[in-house]
1. Return the single residue from F124, F13, F112 with maximal mean-square fluctuation; model: Gaussian network over the chain, springs between Cα atoms under 10 Å.
2. Starting from the 7 Å offset along Cα-to-Cβ, what nm value, one decimal, do you get for the label separation of E118 and L65?
3. At R0 = 22 Å, how high is the FRET efficiency between T24 and E2 if r is their beta carbon distance? Nearest 0.05 is fine.
4. Scan around K127 for amide H atoms under 5 Å from its own, H built in the peptide plane at 1.01 Å from N, and keep only partners 5 or more places away or cross-chain.
5. Top mean-square fluctuation among A17, A33, A115, Gaussian network model of the chain, C-alpha springs under 10 Å?
6. Kindly provide the GluC sites (Glu not before Pro) of the stretch 83-150 that DSSP labels as loop, not H, G, I, E or B, and whose Cβ sees at most 14 other Cβ atoms within 10 Å.
7. Let me see the P(r) profile for the chain: every Cα-Cα distance counted, bins of 5 Å, each bin given as a percent of all pairs.
8. Let me know the charge dipole size of the chain about its Cα centre in debye, to the nearest 20, where only the beta-carbon of Lys, Arg (+1) and Asp, Glu (-1) is charged.
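Taken together, the values in this text are just the output of simple stated rules run on the coordinates, not laboratory data. Note that the structure is predicted; figures quoted are calculated from it, not measured. Heads up, the Cβs are rebuilt from the backbone with ideal geometry, glycines too, and the neighbour counts pull from every protein chain shown.
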Amino acid sequence: MESVLDASNLKDFVKRAENVQEKTLQSWGKMNAAQMFQHLNKSIAFLFTDEKVKRMFAGRIIGKLILKKALKEATPISKNSPTAPSFVADTSVDFNAEKSLFLKRLQQFSSFTEADFEGKIHPFFGKMTGNQWNVLIYKHLDHHFKQFNQ
């Protein structure tokens, strides 16, 4: 299973992020490149803090079932999957600021282990193990870079 905490994968994500420019067009979805970086930043920001996230009602009912499917090794995240409201990008976003913050966050992952993510709450999936976070973050980043042909 791929890992966001693996040094070679982090290096690859940095390269892919650097290849995304402000005018890079997406292959699907509504976000532009700046919004994609902001979305990624919002989706991982609370992993670096003790910030709590609010659980979505639907996630309390079906979150664990969908998480199991999402974490299957050969299953990519589906195009146009719904986004938790707290992770939706703003309509006006500073591309350079968001990209810079994202690259900083990627570097921070190099000092983490799965234990650092253990028990963190996802707004849809709920309480997750460190390994589940590791796999989900990898798949989420990969999904969005593929969205921008990277």
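1. F112
2. 3.0
3. Details: r = 23 Å, r/R0 = 1.05.
E(calc), rounded to 0.05, equals 0.45.
4. Under 5 Å from the amide H of K127 lie the amide H atoms of H122, each far enough along the sequence or on another chain.
5. Checking each option, the largest mean-square fluctuation is seen for A115.
6. Answer by residue number: E118.
7. Going from the shortest bin to the longest, the percentages are 2, 9, 19, 23, 23, 16, 7, 1.
8. Numbers: 22 positive and 15 negative charges, 118 e Å.
Around 560 debye, computed over the chain.
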